[in-house]
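Q: Please read through the structure below; I'll follow up with questions.
Only the coordinates and a few stated rules stand behind these numbers; no lab work does. A quick note: this is a predicted structure, and the numbers were derived from the prediction, not measured. We place every Cβ from the backbone using ideal geometry, glycine too, and count neighbours over all the protein chains shown.
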Amino acid sequence: MTNKNISKEEVDNLYNRLVISAKKRGYFLNHDENYAKNIVRGLLFNEKRYGYRSCPCRLASGVRAEDLDIICPCYYRDADVAEFGACVCRLYVSQKVYESKEVIKSIPERRPKKEFSPKADQPLAERFKNMPNEIKQPNHLSYPVWRCQVCGYICARDQAPGICSICGAAGERFSRFI
């Protein structure tokens, strides 16, 4: 199977769905439509290969449980867009980057390095036996928890989102919950 097995219609369909979904949540897709569609093609390729849309800019293991953090939109998107104006693969960008069409510089990888390499055919318990604890059970409580005052959406991250991903309320409508 190659990336060429993905039809133009499949790419256009997913691209259009992502544009609508992103705008509802305060994001934009890269202003370079050709570039964005190539990333979408990679997402579709990974979906056919692994059964899920892992980020095409990262190495997936092929084991969904190990790759949950890089299934698009990945766990790191919000922080990357807030800090750098785009996610690491540059599919999602901030409104400022989208409107200014500025060139997106290199974005550092936030994903922790994994020091293990389980085999896909191993039983699940065996695969996770030697996994570092911070990967097995990330410390989500190390982040502040934010609550949307409009709809009640709760998220744990360094800073409040710019826009609520549920109701679209502006970032100033979030308050620190925990």
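Q: How far is it, in nm, from the label point at residue 75 to the one at residue 99 when both lie 7 Å from their Cα along the line to the Cβ?
A: According to this spin-label approximation, the distance is 3.3 nm.
Q: Separate question: Rounded to the nearest 0.05, what FRET efficiency is calculated for residue 50 and residue 170 with R0 set to 35 Å and r the Cβ-Cβ distance?
A: The formula returns an efficiency of 0.45 here.
Q: What value does the stretch 26-95 have for Rg/Rh, both radii from Cα atoms and Rh as Kirkwood defines it?
A: 0.97
Q: Still on this model: Taking neighbour counts of Cβ atoms within 10 Å as a proxy for exposure, in what order, fewest first, do 104, 163, 20 appear?
A: 20, 104, 163
Q: Find how much the distance from residue 178 to residue 151 grows on full extension, using 0.36 nm per residue of separation minus their present alpha carbon separation; answer in nm with one decimal.
A: That pair, residue 178 and residue 151, stretches by 8.0 nm at full extension.
Q: Would you calculate the separation in nanometres between label points at residue 63 and residue 10, each defined as 7 Å from the Cα along the Cα-to-beta-carbon direction?
A: Label-label distance for residue 63 and residue 10, simple model: 2.6 nm.
Q: Continuing with this model, one more query. Suppose R0 equals 22 Å. What FRET efficiency, 1/(1 + (r/R0)^6) with r the Cβ-Cβ distance, do residue 106 and residue 83 give to the nearest 0.05?
A: The formula returns an efficiency of 0.95 here.
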